[in-house]
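Enquirer: My structure is below; once you've seen it, I'll send some questions.
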Amino acid sequence: MAIVTLLTDSGESDHYVAAIKARIISINPGIRIEDISHKIKPNDIGHAAFVLRAVFRDFPKGTVHVVGVDSAGGRGDVPIALQLEDHFFVGNDNGLLGLISEKPHQNLIALNSINIINTTFPERDIFAVAAVKIASGVSLSDLGKPLPAFKKMIDRQVKATKKQITGTIVRVDSFGNLITNIPKEAFDILSKGKTFTVQFGGEKFRRIHTQYNQADEGECFIVFNSLGLLEVGIYKGNASELLGLDYDNVVNIIFEE
Amino acid sequence: MAIVTLLTDSGESDHYVAAIKARIISINPGIRIEDISHKIKPNDIGHAAFVLRAVFRDFPKGTVHVVGVDSAGGRGDVPIALQLEDHFFVGNDNGLLGLISEKPHQNLIALNSINIINTTFPERDIFAVAAVKIASGVSLSDLGKPLPAFKKMIDRQVKATKKQITGTIVRVDSFGNLITNIPKEAFDILSKGKTFTVQFGGEKFRRIHTQYNQADEGECFIVFNSLGLLEVGIYKGNASELLGLDYDNVVNIIFEE
Amino acid sequence: MAIVTLLTDSGESDHYVAAIKARIISINPGIRIEDISHKIKPNDIGHAAFVLRAVFRDFPKGTVHVVGVDSAGGRGDVPIALQLEDHFFVGNDNGLLGLISEKPHQNLIALNSINIINTTFPERDIFAVAAVKIASGVSLSDLGKPLPAFKKMIDRQVKATKKQITGTIVRVDSFGNLITNIPKEAFDILSKGKTFTVQFGGEKFRRIHTQYNQADEGECFIVFNSLGLLEVGIYKGNASELLGLDYDNVVNIIFEE
């Protein structure tokens, strides 16, 4: 069965999300629609890219992901569709889709090139319509002209040396947990045979847990989470509030021989 | 496939919405249920009517829309079902359904007339049960006695003369955009060969955009939106907060020869 | 059709809920997934148990309910699956599932006993996987070792005598209505031939309504709600805010001969 997912910043108190779904159903009632989130902060490309990157591979290959965040984009940004890691993505070329994978794209088209569509609601009138067609088996090359490239912004990078890994908090989740961009792979290689200290705010810790509940209630846990990223939290508490840390703050791991 | 949509003010932190869905599935598991919104402000008929009016026609004809907002209604208000513009609606006759279309209804019944049902949860025990039956092909006349009319309240009207259109903000959406009741049709007729000024708060503008991103970040845009209604916003900003404008405030378009 | 419901405290602005659904769909795309709520307060077992208890029986028998609230649990708590009142439940043995029914369970297993799974995301990696198998017809005994018992905490009890029923507010819903644990059955037996006074905060009332709209706007209503529980509200108002009453406050019914 064809699956179309929706990721928007439209909230849930307006008609926007239902209008997108209604359009999809009206064209092809056999499609399964799954919400990823409609609670992305308005126009927050970073928030949306984090969520999409974290989950798209969990869906079956061939799933079509409609991305309606900052859908108007900047002046000159165009609606695009692309194939990437055997998934399909439809949205505005505002930079968001350039942040979800390091892999090269398999196919890329400008969506508005065959028929120019003038609309203030591209999620419904352009993205949803294209998504249904893709999910129904239409090939990208029938929906628009090939593009050589789409917008790739440089994401926050981890700095890793033999002495130190420096990362940043890339997402504060709804529990207040602080998800960093420090990958387990880098830590595993650099930490071999060394003791280490994890530092954030004024805090220092010498242990990384494997489970949240290895910390006591109200105490810090540090884990490599299900995304393979270093995550700091307070067990049954809100770490962001209690530690005063937020998006973009720095987390360091210091190695000693 | 039969589709039932849900629009309620029940929020998402209680059992209410799931109970309505469970009832529908238990009677007919083949029905596709689509949420319109459960974030309508409690008992806010105007909010609900705006959202329903904006989206119901996007669903396929024959869709059954369950409206669970102010479901108890005032004393004497009864549960009704009606057919309107080839869609079906089930809810309380509290005035909400009278605000969604100017077209005459095709069929109208009192839902509780065949079997009086005493319940504090009419969305589940009356509306959902009726909706499943309608979606499964039962005709309205088998579900209740015909009614001659349902409640029609007078909605905010636009005043249009050769010199001026005066409308009001009928919805502040989740982006903070200000949606008015000024229709593009009226503007197109009255603006022919004239210059114009759009006025709201202390602001005056002489241009209407066709796309949100024709404004720069932080600047006002004015468009006729996908509903054909004049909408004022601030590109990548919250116009309601930044302009200090809210539901029911006035927007004028002044014409000069 | 097999149905799996989801009840979590994960919120809707992260990838967690979509990741659970994607896992289910990837294993068995024929399963119907229904959200109960993802707006449970973080780790609030009482909130989650109230909602689940209120709605699970509305779903068809055989439905599998995935409960992802306080999913890590306390140290030593294990993932379990059980059959209860002909429904299936999968979650952590943190006490939540012990609060949803007084009936004895029909089957009970430790989920992690056949294959130990190390994960910080048990909702996706353990609960969802088990739920799909159960919904697809796999018997509990093939998924883990039988357990003799699961955690049963003692819930707030109603005290009932011939002179008085004393209950507490067990849920403030999104309308601000105050739902107590006082059951209609107890009231019906004890109130026979007696006058009574319902007392909460500084208020006293001598009438119980059968419908919300028997109160005027802004006035208190007292009903036995669709769960058969005494509920206090203010018609078209927020009773919790206006009366200053909240979770765990006391409500009394005093009988006079």
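Enquirer: Considering only the range C:94-130, state which residues are of a type in the set (Lys, Arg) and buried (at least 19 other Cβ atoms within 10 Å of the Cβ). Steps first, please.
Expert: At the first step, the residues of the range C:94-130 found to be of a type in the set (Lys, Arg) are C:103, C:124.
Scanning the range C:94-130 gives a single hit, C:124.
Enquirer: Additional query: List pairs: first in the range A:4-30 and more than 7 Å from chain B (Cβ to nearest Cβ), second open to solvent by 10 Å² or more (accessible area, probe 1.4 Å) and among the polar types (S, T, N, Q), Cβ under 9 Å, 6+ apart or cross-chain?
Expert: From residues that are more than 7 Å from chain B (Cβ to nearest Cβ), the pairs are A:8/A:71; A:9/A:43; A:9/A:71; A:9/B:174; A:16/B:174; A:27/A:136; A:28/A:136; A:30/A:136.
Enquirer: Taking the range A:184-235 as the search range and keeping residues that are farther than 30 Å from residue C:18 by Cβ and β-branched (Val, Ile, Thr), which one is farthest from the chain's Cα centre (by Cα)?
Expert: Step by step, filter the range A:184-235, then rank; the result is A:195.
Enquirer: Here is a further query. Could you give me the residue pairs with C-beta distances under 6 Å whose first residue belongs to the range A:113-134 and is under 11 Å from residue A:24 (Cβ atoms) and more than 13 Å from chain B (Cβ to nearest Cβ), whose second residue is of a type outside the set (Gly, Ala, Ser) and open to solvent by 10 Å² or more (accessible area, probe 1.4 Å) wherever it lies, and which are 6+ apart or on separate chains?
Expert: From residues that are under 11 Å from residue A:24 (Cβ atoms) and more than 13 Å from chain B (Cβ to nearest Cβ), the pairs are A:130/A:111; A:130/A:143; A:132/A:27; A:132/A:28.
Enquirer: For the list (1) under 30 Å from residue C:184 (Cβ atoms); (2) more than 14 Å from every other protein chain (Cβ to nearest Cβ), I need the number of the one condition that residue B:68 fails.
Expert: Just one mismatch for residue B:68, condition (2).
Enquirer: Select from the range A:197-224 the residues that are under 16 Å from residue C:42 (Cβ atoms) and not acidic (Asp, Glu) and write down the one among them that is farthest from the other protein chains (Cβ to nearest Cβ).
Expert: Step by step, filter the range A:197-224, then rank; the result is A:218.
Enquirer: Can you tell me which condition residue C:84 does not meet? The list is (1) more than 21 Å from residue C:135 (Cβ to Cβ); (2) in contact with a His (Cβ under 6 Å, 6 or more places away or on another chain); (3) surrounded by fewer than 22 Cβ atoms within 10 Å (Cβ to Cβ), and all the others hold.
Expert: Only one criterion in (1) more than 21 Å from residue C:135 (Cβ to Cβ); (2) in contact with a His (Cβ under 6 Å, 6 or more places away or on another chain); (3) surrounded by fewer than 22 Cβ atoms within 10 Å (Cβ to Cβ) is unmet by residue C:84, namely (1).
Enquirer: Scan the range B:135-168 residue by residue and report those that are at positive phi and within 14 Å of another protein chain (Cβ to nearest Cβ).
Expert: none
Enquirer: Quick one: how many residues across the range A:43-62 are at the interface with another protein chain (Cβ under 7 Å from one of its Cβ atoms) and open to solvent by less than 10 Å² (accessible area, probe 1.4 Å)? Spell out how you get there, then give the answer.
Expert: Of all residues in the range A:43-62, those at the interface with another protein chain (Cβ under 7 Å from one of its Cβ atoms) come to A:43, A:51, A:54-55, A:58-60.
If we keep only those that are open to solvent by less than 10 Å² (accessible area, probe 1.4 Å) as well, we get A:51, A:55, A:59.
Of the residues in the range A:43-62, 3 are at the interface with another protein chain (Cβ under 7 Å from one of its Cβ atoms) and open to solvent by less than 10 Å² (accessible area, probe 1.4 Å).
Enquirer: Say whether the condition of being in a strand (DSSP E or B) and touching a residue at least 24 places away in the same chain (Cβ under 8 Å) is met by at least one residue in the range B:201-212.
Expert: Initially, the range B:201-212 is screened for residues in a strand (DSSP E or B), giving B:203-205, B:209.
Going one step further and asking which of them are touching a residue at least 24 places away in the same chain (Cβ under 8 Å), we end up with B:203.
Checking the range B:201-212: at least one residue is in a strand (DSSP E or B) and touching a residue at least 24 places away in the same chain (Cβ under 8 Å).
Enquirer: Right, next: Quick one: how many residues across the range A:131-174 are open to solvent by less than 60 Å² (accessible area, probe 1.4 Å) and touching a Gly at 6+ places or on another chain (Cβ under 7 Å)?
Expert: Total meeting the criteria: 3.
Enquirer: Out of (1) open to solvent by less than 10 Å² (accessible area, probe 1.4 Å); (2) at the interface with chain A (Cβ under 10 Å from one of its Cβ atoms); (3) under 15 Å from residue B:128 (Cα atoms), the odd one out for residue B:40 is which?
Expert: So residue B:40 meets the others, but not (3).
Enquirer: Say whether the condition of being under 21 Å from the mean Cα position of the chain (by Cα), within 16 Å of residue C:93 (Cα to Cα) and assigned to a helix (DSSP H, G or I) is met by at least one residue in the range C:25-46.
Expert: Yes.
The values are calculated or read from the model by the stated rules, or taken from the named source; none is laboratory data. Note that the structure is a prediction, hence the values are computed from the model and not measured. Here Cβ is always computed from backbone atoms with ideal geometry, including for glycine, and neighbour counts include all displayed protein chains. The area values use the complete protein model at the heavy-atom level, side chains included, leaving out ligands, DNA and RNA. Shrake-Rupley method; radii C 1.70, N 1.55, O 1.52, S 1.80 Å.
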